[in-house]
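The values are calculated or read from the model by the stated rules, or taken from the named source; none is laboratory data. Keep in mind that this is a model prediction, so the values were computed, not measured. Cβ coordinates were reconstructed from backbone atoms using ideal geometry, including for glycine residues, and neighbour counts include every protein chain displayed.
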Amino acid sequence: MESGRGRNKLSPFFCVNRLIALKVEDEHVLNYTQGLIFDLIEKRIVTGLRIDHVDGLYDPTSYLQKVRARAPATYIVVEKILDLNENLPPFWPVQGTTGYDFTNHVNELFCQKKNERAFSKIYASVTGLKNSYEDVVHDNKKLMIQEDMASDVHNLAQLLKNISSRDSHGSDITLSALRRALTEVLAVFPVYRTYISQVMVSEDDRKYILAAVDQARANLPALFHEFAFIRRFLLLDFPDYVSEEEKRDWLHFAMRFQQLSGPVMAKGVEDTTHYVYNRLLSLNEVGGRPGHFGCSLEEFHNFNTKKRDLWPDSLNATSTHDTKRGEDARARINVLSEMPDEWLKKLRTWIKINRGKKKRVQGLGVPDRNDEYFLYQTLIGAWPFSDAEYPEFIARIKRYIVKAVREAKVHTAWLKPDTEYENAYVSFVEKILTRSEANEFLKEFMPFCRKVSHYGILNSLSQTLIKITSPGVPDFYQGSELWDLSLVDPDNRRPVDFEKRRAMLAGIREHDDADIGRLVQDLLSTREDGKIKLFLIYRALKAKKANREIFRSGAYLPFESAGRFRSHVIAFACRYQRQWAMVIAPRFLSPLVQEEDFPLGRQVWQDTEVIMPNGVPAAWRNVITSEVLSAGKALSVGDILLSFPVALLMGEGTE
């Protein structure tokens, strides 16, 4: 990665000591700080808890057990960022996670996996950056350790040195070498943390520790003995002569290590790399892995099946207070993955037009190529549907790009801001967004942005229906009932017009049963106001409530598709006894329909059909449109999606 003009400091969150001063797993501290919450639970005023930053605790398992003992019937979810193949600890007494795992799986469904190589080439050619995502993560985690967590690693190394005095190899290893080795292990650790809290190591924890130590040793082979030493202590591989007291010391070291690995990951990845590695910004999400470009149907169905079996009450989130972009902004940016050639052509045009609008700061054109690439994706994702919002939009973008470059820590940072670079970047934004006849950029940009936003709407409708009907509890962040094109906080904390949403919902309720066909047509023609999304949420949640057992207790069944556009169809069913629900949601629609058109009817879908397994109902009713279909061995997607872009079909009985 280019070094820019100096890598600086962390954003304030991890630099404010009072935020990390509570040892909440201590019984006295727990009762003192959270007694009010437990009182509210006992009085049934509060029935659910969201527990954030659980990985920051010394002993998360013990804390959760104490909370569960005080709130035995309470719905509890934890904010836990899981790697793509990582499992939530099965021994945690919770209902599941706050839904970042679902966010990233459903989001990647709409990223065209086959275009990964093309996007890597585009990103490298436009920005000049050729490092892999994994390399950028490694470098940024080491940066966080060396500049802001060096004392923590030193203390950890000192702790290990002190408790290893009886070890035959301990005297041969220097404190300096231990610091270097621990830094490398933390930099390559594949997950946020392990959960060793007793004198035993789970198979998952062992796997992550071994993978990290092996990778660290490959990176720094000269520290072979130090890595072998650290591995023994992290795995609690006790020699016979170690006393019970010494075993507790070993355990304390392992627990301190895993308490540190979480903030290293958080600051190195979520709050730094996700503002630096910008190949496709829709993937730069909390818990996301931007190096993993797209999710296959099989991967998504496997995720949903596992979730149904292990954590059926976990949240399905698509936006939260912490997401980097609103769900519908991500849905738009995902459209770019379908059109790499057009995207590259537009980028080259915009860069050429805007070249003269850059200021030079210490010899560097501002913004640099990576920040400019970041900006164009941001504009596409967040561009408002209404012209009335445009002045506020410019102000929001100006605030946002200052935050983004400070988080990236390439040219400026929170604790040591380079206002010269920031002001030059803000000036660039003002110039390219000023509406005038002379602004060639907006003339070139707007037609493409409108095109992408249309397909983004279609992605959003599919994403919304999948969230509601997949195993789990659908979660709706404030304001996301309509189009959510917000950016990271504080942008996503702006006031929400709930009266507008209530009025829209009242209108939907008034007309949805009287003339559903006309209502659907009106919603399609006025789709930019977001009412169509609210309508889908209302109809799908109403059906889910009326058929609770199908979705809560039913089996999850992926359905196969056939025909020319089979890879563009997401299809699955839920079955409970003789009751069925089937979901049809399209994706990758830019090759199927022209801008402004909808993926409706056999003319679009041609021979594409959903294969019906044995024992399914003979008749289905689309609860979104009230249309009734008959099923044989297959159902035509063109018949299913006849008047609305997604479908939720309900059927009862068997053939």
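Overview of results
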item: Matching residues in segment 339-382 - criterion: being assigned to a loop (DSSP other than H, G, I, E, B), at pLDDT 95 or above and surrounded by fewer than 21 Cβ atoms within 10 Å (Cβ to Cβ); result: Met339, Lys358
item: Selection status of Tyr63, in a helix (DSSP H, G or I) and either surrounded by 15 or more Cβ atoms within 10 Å (Cβ to Cβ) or assigned by TED's automatic domain parsing to the domain that holds Ala585 (or both); result: yes
item: Residue within segment 171-194 that is among the aromatic types (Phe, Trp, Tyr), touching a residue at least 60 places away in the same chain (Cβ under 8 Å) and in a loop (DSSP other than H, G, I, E, B) present; result: yes
item: Within segment 90-142, considering residues that are of a type in the set (A, V, I, L, M) and part of a loop (DSSP other than H, G, I, E, B), the one farthest from the chain's Cα centre (by Cα); result: Leu129
item: Exclusive hit being among the polar types (S, T, N, Q), within 21 Å of Ser460 (Cα to Cα), over 30 Å from the mean Cα position of the chain (by Cα) and outside any strand (DSSP E or B), set Ser643, Ser567; result: Ser643
item: Selection status of Ala177, touching a helix residue (DSSP H, G or I) at 6+ places or on another chain (Cβ under 7 Å) and under 25 Å from Leu57 (Cα atoms); result: no
item: Qualifying residue in segment 585-608 (condition: closer than 30 Å to Met504 by Cβ, assigned to a strand (DSSP E or B) and in contact with a helix residue (DSSP H, G or I) (Cβ under 7 Å, 6 or more places away or on another chain)); result: yes
item: Lone qualifier among Arg435, Arg450 - being modelled with pLDDT of 95 or more, of a type in the set (Lys, Arg), more than 20 Å from Gly326 (Cα to Cα) and over 21 Å from the mean Cα position of the chain (by Cα); result: Arg435
item: Condition broken by Tyr455, with the remaining ones in (1) closer than 29 Å to Met650 by Cβ; (2) in contact with a helix residue (DSSP H, G or I) (Cβ under 7 Å, 6 or more places away or on another chain); (3) without any contact (Cβ under 8 Å) to a residue 60 or more places away in the chain satisfied; result: (3)
item: Conditions (1) in contact (Cβ under 8 Å) with a residue 24 or more places away in the chain; (2) within 26 Å of Phe393 (Cα to Cα): number failed by Phe498; result: (1)
item: Residue in segment 91-119 that is surrounded by the most Cβ atoms within 10 Å (Cβ to Cβ), counting only those that are farther than 24 Å from Thr323 by Cα and out of contact with any strand residue (DSSP E or B) (no Cβ under 8 Å at 6 or more places or on another chain); result: Asn115
item: The one condition in (1) closer than 30 Å to Phe293 by Cβ; (2) modelled with pLDDT of 95 or more that Met144 fails to fulfil; result: (2)
item: Some residue of segment 239-260 being assigned to a helix (DSSP H, G or I), more than 30 Å from Ser164 (Cβ to Cβ) and not aliphatic (A, V, I, L, M); result: no
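Residue-by-condition table, conditions (1) crowded, with 19+ Cβ neighbours inside 10 Å; (2) free of Cβ contacts under 8 Å to residues at least 24 places away in the same chain; (3) in contact with a strand residue (DSSP E or B) (Cβ under 9 Å, 6 or more places away or on another chain); (4) of a type in the set (Gly, Ala, Ser):
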| position | (1), (2), (3), (4) |
| --- | --- |
| Ser525 | no, yes, no, yes |
| Asp529 | no, no, no, no |
| Leu534 | yes, no, no, no |
| Lys542 | no, no, no, no |
| Gly554 | yes, no, yes, yes |
| Ala562 | no, no, yes, yes |
| Arg566 | no, no, yes, no |
